Amino acid sequence: MDFDFSFFLFVASLVTGVIWGGYLLILKSKGLHFNEHNEPAVVEYARSFFPIVLIVFLLRSFLAEPFRIPSASMMPTLLIGDFLLVNKFTYGIRLPVINKKIIELNEPARGDIVVFRFPKDPAVDYIKRVIGLPGDKVSYYDKKLYINDMPVTQVSLGSYQGVGQGEDMTGSEHLEENLTGVNHSILIRNEAPTVEGTYVIPAGNYFVMGDNRDNSNDSRYWGTVPEENLVGKAFFIWMNWDWQHKGIGFSRIGTVLK
């Protein structure tokens with residue numbers, strides 16, 4: 001079990017609920033009626049915070065979870081300072097805290113932007129794009145991607161102009177990649193060294209890469225993502241705040257991710 005924010009929300013819901021519910025049971029056992037003017041301070045706080053904490057816990061566990069982009073690994077699709085919503089039920093319903101799947105729904109599709117618990121340190125969340133599905137053969141040579149021995153189409157969009165904390169990516173080659181029907185942008189630095197190889201994706205695992213191909217710690221370096229590590233699918237940018245440079249990026253707000 002990972003003692004993450006969901007765990008602390010669960011504990012807070014449990015503690016405030018027990019305090020509030022226990023107080024009501026004591027009053028009932030004594031034949032007394034509830035009077036908010038006479039309740040102890042700890043009970044007042046528990047009564048006030050219990051519904052709020054419980055609602056946040058349920059929404060975050062089963063519907064959508066906020067996530068902040070801390071690095072440039074998914075540029076140009078996602079920028080440093082983007083705040084995302086992650087759909088928690090796209091890939092199935094899981095019990096909070098213990099992350100046990102109880103209802104099977106959809107499976108990740110090639111091209112999905114997914115948040116997952118980093119296999120090397122499950123306490124850390126990563127975000128990448130799904131490239132290879134279970135059973136796929138993924139190859140990466142000379143900055144080009146191959147899926148099951150078929151080259152993935154890339155079309156040059158010219159030189160990239162970075163913004164905010166991503167300004168150092170200015171001059172990278174900006175390409176549109178057609179990932180078997182999913183068009184998305186990637187960045188390549190032709191002068192940068194890269195990891196090359198061929199990978200066969202085992203059952204129940206996914207091969208993921210960042211769109212900023214030469215600035216991404218992904219499956220090329222540490223392997224595949226087990227299905228049980230998936231948190232959800234990123235689908236919406238609700239805020240962008242690049243505090244080191246331009247402040248709020250209003251043009252990013254409301255962007256739907258594909």
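Points to keep in mind about this one:
- Out of P40, P66, P76, P70, sole residue that is touching a helix residue (DSSP H, G or I) at 6+ places or on another chain (Cβ under 9 Å), surrounded by fewer than 16 Cβ atoms within 10 Å (Cβ to Cβ) and closer than 25 Å to N212 by Cα: P66
- Selection count where residues are closer than 24 Å to S172 by Cβ and in contact with a Lys or Arg (Cβ under 7 Å, 6 or more places away or on another chain), scope the range 84-130: 5
- Residue match in the range 229-245 (condition: among the charged types (D, E, K, R), in contact with a Gly (Cβ under 8 Å, 6 or more places away or on another chain) and over 20 Å from N148 (Cα atoms)): yes
- Residue count for the range 233-258, restricted to those that are touching a residue at least 40 places away in the same chain (Cβ under 8 Å) and over 25 Å from N178 (Cβ atoms): 10
For (1) charged (D, E, K, R); (2) more than 26 Å from I93 (Cα to Cα); (3) touching an Asp or Glu at 6+ places or on another chain (Cβ under 6 Å), each residue gets a yes or a no:
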{"position": "V208", "(1), (2), (3)": "no, no, yes"}
{"position": "R213", "(1), (2), (3)": "yes, yes, no"}
{"position": "N217", "(1), (2), (3)": "no, yes, no"}
{"position": "R220", "(1), (2), (3)": "yes, yes, no"}
{"position": "G223", "(1), (2), (3)": "no, no, no"}
{"position": "G232", "(1), (2), (3)": "no, no, no"}
{"position": "F236", "(1), (2), (3)": "no, no, no"}
{"position": "D242", "(1), (2), (3)": "yes, yes, no"}
{"position": "I253", "(1), (2), (3)": "no, yes, no"}
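- The condition of being within 24 Å of P226 (Cα to Cα), outside any strand (DSSP E or B) and of a type in the set (K, R) does not hold for K128.
- Against the numbered list (1) within 30 Å of I113 (Cα to Cα); (2) in contact with a Ser or Thr (Cβ under 8 Å, 6 or more places away or on another chain); (3) not assigned by TED's automatic domain parsing to the domain that holds D121, L58 comes up short only at (2).
- Checked across the range 167-182, the condition of being closer than 25 Å to A64 by Cα, under 21 Å from the mean Cα position of the chain (by Cα) and in the same structural domain as K88 (by TED's automatic domain parsing) holds for at least one residue.
- Against the test of being within 24 Å of the chain's Cα centre (by Cα), assigned by TED's automatic domain parsing to the domain that holds V114 and not in a loop (DSSP other than H, G, I, E, B), the options L145, L157 yield a single qualifying residue, L145.
- Filter result (among the small types (G, A, S) and within 18 Å of R189 (Cβ to Cβ)) within the range 126-168: S156, G158, S159, G162, G166
- Lone qualifier among I147, I131 - being surrounded by 16 or more Cβ atoms within 10 Å (Cβ to Cβ), of a type in the set (A, V, I, L, M, F, W, C), free of Cβ contacts under 8 Å to residues at least 40 places away in the same chain and out of contact with any Pro (no Cβ under 7 Å at 6 or more places or on another chain): I147
- Per the conditions (1) buried (at least 18 other Cβ atoms within 10 Å of the Cβ); (2) over 18 Å from V138 (Cα atoms); (3) among the small types (G, A, S), the sole criterion not satisfied by G171 is (1).
The values are calculated or read from the model by the stated rules, or taken from the named source; none is laboratory data. Values in this document were obtained by computation on a predicted structure and should not be read as measured data. Don't worry about glycine lacking a Cβ; one is built from the backbone with ideal geometry, like all the others, and counts go over all protein chains shown.
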